[in-house]
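Below is one structure, written out as structure tokens; comments come after it.
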Amino acid sequence: MFARTKFLRIPLAALALLVVLLPPAQAQAPAAQTPAATPAPAPKPAAKPVQRKMPPVDEGSADLSWVQFRGWLLGVLQRGDRRALAGIIDGNILNPLEAPRGIASFRKLWDFDGETRDVKDTRDRQLLQELSVVLQLGSAWYQPKNSPRLLCAPYVPIKWPLDHVDPYHSGAVVVKEALVKDAPSHNAGTLGNLSYDIIGVRDWEVADKEEQSQQRWVKVRYTGAGAARDGYVPAEHIRSAIEYRACFARTPAGWRLMEYVLGIEYLGGE
């Protein structure tokens, strides 16, 4: 699975000059004694976080043309047919990482011309793998401003409850009954399971305890039996709202890839 990218948010600077501009306090006569004020009531304990669910959706499944196109595209990706893939990319595609729009930038960003083909994990191979993953996770419609309606995969960023859950420190479990382990290993003890839950994430990149294993884990904050503790979920069972997503439009020439982006753009906010 595509390596997760960490994002930082920078707080606003304090208005320290205000203190400097205030006039110095003038000496005053001692004030008369007054009765002691009534103590303020003790603050209420902080509310416990509300556990939320994100049921899987696949809104594109109602469109036969999308179902057929998706099956064809998955075959293209499995074969590694870069020429066929390039044929369905819109000429003005929106690219990630502040790259300019357009298919030329897309080809350069993902090394379609094979400058790193001698490297084990080439950029274009990563693209083929990640596109295959997102296409199998379900889709959701999204309506940009002043643009045609788009069908985006996966559904997670489009359906993310942005008004209620911080996307930087949470993830959505995308399978039913994902096992939560007490250590990053399939041989570790099981704390419980999660089914389509949104859960707090402590670390997106955790290696397996067995050095020879290629399994990757996500460290989550699991609440079970009334106590919160760290647990580990297989990386392929949980998705971040700010990972890559592919958005397609149905045009007179057929389905076209219009956007392939990551980050906090276009999050659902439901």
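Past the 31 Å Cα-Cα mark, which pairs from Lys145/Lys176; Lys145/Lys181; Lys108/Lys181; Lys176/Lys209? From Lys145/Lys176; Lys145/Lys181; Lys108/Lys181; Lys176/Lys209, over 31 Å: Lys145/Lys176; Lys145/Lys181; Lys108/Lys181.
Computed on the Cα trace of the stretch 194-252, the radius of gyration divided by the Kirkwood hydrodynamic radius gives Rg/Rh = 1.13. Between Lys53 and Leu97, the C-beta separation translates, for a Förster distance of 41 Å, into a calculated FRET efficiency of about 0.85.
Quick one: plug the Kirkwood hydrodynamic radius of the stretch 68-118 (C-alpha pairs) into Stokes-Einstein at 10 °C, 1.306 mPa s, and report D in µm²/s.
Using the Kirkwood radius from Cα pairs, D works out to 133 µm²/s.
Within the accessible surface of the stretch 198-248, defined with a 1.4 Å probe on protein heavy atoms only, the carbon and sulfur portion equals 41 percent. Distance from the alpha carbon centroid of the stretch 62-79 to that of the stretch 183-237 works out to 32 angstrom. For GluC sites (Glu not before Pro), the sites in the stretch 66-169 that DSSP calls loop and that have at most 11 other Cβ atoms within 10 Å are Glu98.
So what's the stretch 140-202 giving for Cα Rg divided by 2.2 N^0.38 Å, two decimals?
Cα-based Rg divided by the globular estimate yields 1.47.
Projected onto planes of every orientation and averaged, the convex hull of the alpha-carbon atoms in the stretch 103-245 covers 11.0 nm².
The values are calculated or read from the model by the stated rules, or taken from the named source; none is laboratory data. None of the values given here were measured: they were computed from a predicted structure. Ideal geometry is used to build each Cβ from the backbone, glycine not excepted, and the neighbour counts take in all protein chains shown. Accessible surface is based on the protein model in full, side chains and every heavy atom, while ligands, DNA and RNA are left aside. Shrake-Rupley method; radii C 1.70, N 1.55, O 1.52, S 1.80 Å.
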